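Working notes, structure below.
The values are calculated or read from the model by the stated rules, or taken from the named source; none is laboratory data. Since we're looking at a predicted model, the values are computed, not measured. Here Cβ is always computed from backbone atoms with ideal geometry, including for glycine, and neighbour counts include all displayed protein chains. These area figures cover heavy atoms from the full protein model, side chains too; ligands, DNA and RNA do not enter into them. Shrake-Rupley method; radii C 1.70, N 1.55, O 1.52, S 1.80 Å.
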Amino acid sequence: MKNMTLEHIAAVCGGTYIGNEADKTREIQGAVIDSRLVEKDYLFIPVRGEKVDGHSFIPSVFEKGALAVLSEEKLENPAGPYIFVENTLDAMKKIAADYRRGLDIKVVGITGSVGKTSTKEMIASVLAQKYNVLKTEGNLNNEIGLPLTIFKIREEHQVAVLEMGISEFGEMDRLSTMANPDICVITNIGLCHLENLITRDGILKAKTESFAHLTPDGIAVLNGDDDKLCDKKVVNGKPAVFYGIEKAAKVAETEEGTKTLAEKTVYATNVEAVDLTGTKAAIHYPSKETGGEVTMEVTIPIAGEHNVYNALAAVSVARELGLTCDEMKRGIESVQTIGGRSNLIHKNGITIIDDCYNANPVSMKASIDVLANAPGRKIAVLGDMGELGAEEKQLHYMVGEHFAGKGIDALYRVGTLSQEIAKAVRTCSSKTEVHHYEDKADLIKDLVKEVQSGDTVLVKASHFMGFPEIVKELTK
């Protein structure tokens, strides 16, 4: 890792180097918190957890070839050098921030209430057509996962696409201090993490903490159809790049009343669903070279209008980083879904929309819209959405109202709050069969008996509901 000598690391994190003087100038080759991932000349960062204290693995990591470790404890007769620090997690974040700033690389930071991961996948797929890209893997988007991702950047990487997820004020400030993005993408300001952030204005304030940590020439790429983001026309003295459906500024009814949204730089027209196999759209953007408008016809291989927004964000970023129209189109049309997020599974004649990684009102409605476009009998298996604060019941009821007008044949639900979804469906629609359960095992037993060849089944809930178990049973 470039410039990451033990002497430098100790200075950066405010630690004390203890060990052989000759080792101070040696560079680490990687940094991890999991002792099982330690390789030769790695830095091991022990973390104190509820059940396990990483310090107990220090002897074993030296046996694996670790160059050094961080430690909150004074070590007796360690098998190698260590850096004594007050807090290993704080030290890790300082090291990651310093390492990122020493790299000659473009960083795209992605946040938002909904769609961070799918937008990250889309942007990475597009940029990979021109650059060597490192992207956030899985859900490593928090104050532990982000530095670990940054530590994976090597000199051969040209762009890093980093996802940043938060649930409280100040968290984005800490994340973007490490990421130091050249381009900051915000997908939307939706209703999630309301327990700590209280309102959408609170979410907006928390998400836009990232702006203070953009590089000097950095830009913001924002969803211009979002009534909160559309006001951020200038960020750090530079015009924001807005994207959305249709170029013209829209008039929308918002919490504060009628509002005019942003005119878009990058926009889509002729959006058309292709069953569950994808979405067609024409994407328009101004050429950096000629200034004239480029029109690109694409077929996004993932269903749902929300994936058009992901493609628009990717084009907005790719345009700034010099990709051609052909490269953008190829990247959009080759993007793949990942497990738990609008992932289509075909098994025993049944189509399963596996979207059970997480849920909030915006993503729940989007998944319901995708199901509504499916052929054959449509079945929704829905559970509770978490972290919605004082209005959690009302927000579940609103999802049910949205559901009721979509022509879905059956609703299977389990969970306390999802009772409100069922209540709204019964009130607003007499055509949907509603099945409710106190126990997930009972739901699975009945559902497995009920589904038939030709059915499409949506499985959606917040992660704590454990809905991957339902997908697993349906795919046996």
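Worth pointing out:
- Residue within the range 132-145 that is in contact with a His (Cβ under 6 Å, 6 or more places away or on another chain) and closer than 22 Å to residue 32 by Cα present: yes
- Residues of the range 279-293 that are in contact with a Lys or Arg (Cβ under 7 Å, 6 or more places away or on another chain) and farther than 24 Å from residue 335 by Cα: 288 alone.
- Out of 313, 262, 252, sole residue that is closer than 29 Å to residue 358 by Cβ, aliphatic (A, V, I, L, M), touching a strand residue (DSSP E or B) at 6+ places or on another chain (Cβ under 6 Å) and part of a strand (DSSP E or B): 252
- Subset of the range 277-303 that is in a strand (DSSP E or B) and of a type in the set (S, T, N, Q) - its residue that is most open to solvent (accessible area, probe 1.4 Å): 295
- Top-ranked residue of the range 47-61 - restricted to ones that are of a type in the set (A, V, I, L, M) and farther than 15 Å from residue 84 by Cβ, ranked as surrounded by the most Cβ atoms within 10 Å (Cβ to Cβ): 61
- Some residue of the range 187-204 being over 29 Å from residue 396 (Cβ atoms) and either open to solvent by 10 Å² or more (accessible area, probe 1.4 Å) or not β-branched (Val, Ile, Thr) (or both): no
- Any hit, the range 143-159, residues being open to solvent by 10 Å² or more (accessible area, probe 1.4 Å), under 14 Å from the mean Cα position of the chain (by Cα) and not charged (D, E, K, R): no
- Residue among 109, 80 that alone is open to solvent by less than 20 Å² (accessible area, probe 1.4 Å) and assigned to a strand (DSSP E or B): 109
- Qualifying residue in the range 346-368 (condition: more than 25 Å from residue 113 (Cα to Cα) and open to solvent by less than 10 Å² (accessible area, probe 1.4 Å)): no
- Out of 40, 2, one residue alone is under 24 Å from residue 105 (Cα atoms), open to solvent by 10 Å² or more (accessible area, probe 1.4 Å) and assigned to a loop (DSSP other than H, G, I, E, B). It is 2.
- Across the range 240-254, the number of residues qualifying as loosely packed, with under 13 Cβ neighbours inside 10 Å and within 19 Å of residue 292 (Cα to Cα) comes to 1.
- With a requirement of 2 or more residues that are in contact (Cβ under 8 Å) with a residue 24 or more places away in the chain and either of a type outside the set (A, V, I, L, M) or touching a Pro at 6+ places or on another chain (Cβ under 6 Å) (or both), the helices (runs of 4 or more DSSP H) lying completely within the range 135-239 that satisfy it span 171-179, 194-197, 200-207.
- Residue satisfying all of: in the range 124-159; within 22 Å of residue 359 (Cα to Cα) and touching a strand residue (DSSP E or B) at 6+ places or on another chain (Cβ under 6 Å); modelled with the highest pLDDT among these: 136
Residue-by-condition table, conditions (1) within 16 Å of residue 91 (Cβ to Cβ); (2) in contact with a helix residue (DSSP H, G or I) (Cβ under 8 Å, 6 or more places away or on another chain); (3) charged (D, E, K, R):
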position: 33; (1), (2), (3): yes, yes, no
position: 49; (1), (2), (3): no, no, no
position: 54; (1), (2), (3): yes, yes, no
position: 59; (1), (2), (3): no, no, no
position: 64; (1), (2), (3): no, yes, yes
position: 76; (1), (2), (3): no, no, yes
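- Restricting attention to the range 430-465, the residues that are surrounded by 13 or more Cβ atoms within 10 Å (Cβ to Cβ) and assigned to a loop (DSSP other than H, G, I, E, B) total 5.
- Pairs meeting the criteria (first residue in the range 455-476 and farther than 17 Å from residue 361 by Cβ, second residue of a type in the set (S, T, N, Q) and assigned to a strand (DSSP E or B), beta carbons under 7 Å, at least 6 apart or on different chains) are 456/351.
- Exactly one residue out of 111, 88 is touching a Pro at 6+ places or on another chain (Cβ under 7 Å) and of a type in the set (S, T, N, Q), and it is 88.
- Restricting attention to the range 255-271, the residues that are within 25 Å of the chain's Cα centre (by Cα) and either within 19 Å of residue 366 (Cα to Cα) or open to solvent by less than 30 Å² (accessible area, probe 1.4 Å) (or both) add up to 7.
- Of all residues making up the range 5-33, the number that are part of a loop (DSSP other than H, G, I, E, B) and out of contact with any Leu (no Cβ under 9 Å at 6 or more places or on another chain): 2
- Scanning the range 281-328 for residues that are among the charged types (D, E, K, R), farther than 21 Å from residue 224 by Cβ and either at pLDDT below 95 or in contact with a Phe, Trp or Tyr (Cβ under 8 Å, 6 or more places away or on another chain) (or both) yields a single hit, 289.
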